[in-house]
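Take this structure first; my questions come after.
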Amino acid sequence: MHNISSREKLTYTGSLLGQNMIYSFVTMYIMFFFTDLLRIPSETVTVIVVAASLWDAVNDVLMGMIADRTRTRIGKFRPYLLAGPVFIALATIFCFINFGGSLAGTVTVAAVCYVLWDITYTVYDVPIWAISSVSSPDSDEKNGMVTLGKIGGTIGTVIISVGSVSLLNAFGGERSATAYTAAAAVVAVIGAALMI
């Protein structure tokens, strides 16, 4: 029987911590950034977010099927766990860039970036939770991994909830689009490093 090592447990906890740092930053600030700083009408932002959520219901199932059928020399989940964070980080940063241009262009870019963020997030999220089911034949150890993942996720959320305003202030404040770009880059790089 394979006992999950302390190193594996710490790595798993840290990966969910990093993932939830990114998730919390995006979910806390994306609506404000889109409406108040990009000047996208709130109704339009709601449509973008709801459309992405509806797509996510399909996306999760598709990713589960893809990951389950993946066969590589490094395993079926590891390719997504190694590459996913890079794409999540890039999509996170792009979500918080003011590219300028017309309202129609801004809406299009915001929608594309947000949907891409949602897709890249799912590419990592489905395998990271699925890996707990294959981490050990022992059901107690599997359950322990899920618990550690939830603990890591909660810590990541708390870090962003407590520290994000100070981070934004360090880059120019909550009314500065470039502050969000810089803060998103910091959170994305740290989160992605932990995820990898």
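Please go through segment 140-195 and pick out each residue that is out of contact with any Gly (no Cβ under 8 Å at 6 or more places or on another chain), more than 29 Å from residue 99 (Cα to Cα) and touching a residue at least 60 places away in the same chain (Cβ under 8 Å).
Once the filter is applied, which keeps residues that are out of contact with any Gly (no Cβ under 8 Å at 6 or more places or on another chain), more than 29 Å from residue 99 (Cα to Cα) and touching a residue at least 60 places away in the same chain (Cβ under 8 Å), segment 140-195 yields 141, 144, 145, 148, 149, 150, 151, 153, 154, 155.
State which residue is nearest to residue 37 (Cα to Cα) when the search covers only segment 132-146 and only residues that are surrounded by fewer than 15 Cβ atoms within 10 Å (Cβ to Cβ) and among the acidic types (Asp, Glu). Break it down into steps so the answer makes sense when it comes.
Start the filter on segment 132-146 by keeping residues that are surrounded by fewer than 15 Cβ atoms within 10 Å (Cβ to Cβ), which leaves 133-134, 137-140, 143.
Within this subset, residues satisfying the condition of being among the acidic types (Asp, Glu) are 138, 140.
Details: 138: 50, 140: 48 Å.
Looking at the filtered set, the residue picked out is 140.
Follow-up. Test of understanding: among 153, 163, 149, which residue is in contact with a Ser or Thr (Cβ under 7 Å, 6 or more places away or on another chain) and either at pLDDT 95 or above or open to solvent by less than 50 Å² (accessible area, probe 1.4 Å) (or both)? Show your work before the answer.
Values: 153 fails: in contact with a Ser or Thr (Cβ under 7 Å, 6 or more places away or on another chain); 163 fails: in contact with a Ser or Thr (Cβ under 7 Å, 6 or more places away or on another chain).
The match here is 149.
Yes or no: residue 135 small (Gly, Ala, Ser), farther than 25 Å from residue 57 by Cβ, in contact (Cβ under 8 Å) with a residue 60 or more places away in the chain and out of contact with any Ser or Thr (no Cβ under 6 Å at 6 or more places or on another chain)? Outline the logic, then answer.
Numbers: small (Gly, Ala, Ser): yes; farther than 25 Å from residue 57 by Cβ: yes; in contact (Cβ under 8 Å) with a residue 60 or more places away in the chain: yes; out of contact with any Ser or Thr (no Cβ under 6 Å at 6 or more places or on another chain): yes.
Yes.
Mind listing whichever residues of segment 79-106 are touching a Ser or Thr at 6+ places or on another chain (Cβ under 6 Å) and either open to solvent by less than 40 Å² (accessible area, probe 1.4 Å) or under 23 Å from residue 47 (Cβ atoms) (or both)?
Residues of segment 79-106 touching a Ser or Thr at 6+ places or on another chain (Cβ under 6 Å): 79, 87-88, 91, 96-97.
Within segment 79-106, 79, 88, 91, 96, 97 meet the criteria.
Of the numbered conditions (1) in a loop (DSSP other than H, G, I, E, B); (2) farther than 28 Å from residue 196 by Cα; (3) at pLDDT below 95, residue 74 satisfies every one except a single condition; which is it?
(2)
If residue 95 satisfies every condition in (1) under 18 Å from residue 38 (Cβ atoms); (2) more than 21 Å from the chain's Cα centre (by Cα); (3) in contact (Cβ under 8 Å) with a residue 40 or more places away in the chain but one, which is the exception?
Evaluating residue 95 over (1) under 18 Å from residue 38 (Cβ atoms); (2) more than 21 Å from the chain's Cα centre (by Cα); (3) in contact (Cβ under 8 Å) with a residue 40 or more places away in the chain leaves (2) as the failure.
Further question: So residue 16 ticks every box in (1) under 15 Å from the mean Cα position of the chain (by Cα); (2) within 30 Å of residue 101 (Cβ to Cβ) but one. Which box is left unticked?
Evaluating residue 16 over (1) under 15 Å from the mean Cα position of the chain (by Cα); (2) within 30 Å of residue 101 (Cβ to Cβ) leaves (2) as the failure.
Which residues, counting only those in segment 54-67, are touching a residue at least 60 places away in the same chain (Cβ under 8 Å) and open to solvent by less than 70 Å² (accessible area, probe 1.4 Å)?
First, pick out the residues of segment 54-67 that are touching a residue at least 60 places away in the same chain (Cβ under 8 Å): 55-56, 59-60, 63-64, 67.
56, 59, 60, 63, 64, 67, listed by residue number.
Restricting to segment 1-48, what's the tally of residues that are over 18 Å from residue 91 (Cβ atoms), open to solvent by 60 Å² or more (accessible area, probe 1.4 Å) and not acidic (Asp, Glu)?
Selection size over segment 1-48: 12.
The values are calculated or read from the model by the stated rules, or taken from the named source; none is laboratory data. This structure is a prediction, so every number in the text was calculated from the model and none was measured. Virtual Cβ from ideal backbone geometry, glycine too; neighbours counted across all protein chains shown. In case anyone asks, the SASA skips ligands and DNA or RNA and just uses the protein heavy atoms, side chains included. Shrake-Rupley method; radii C 1.70, N 1.55, O 1.52, S 1.80 Å.
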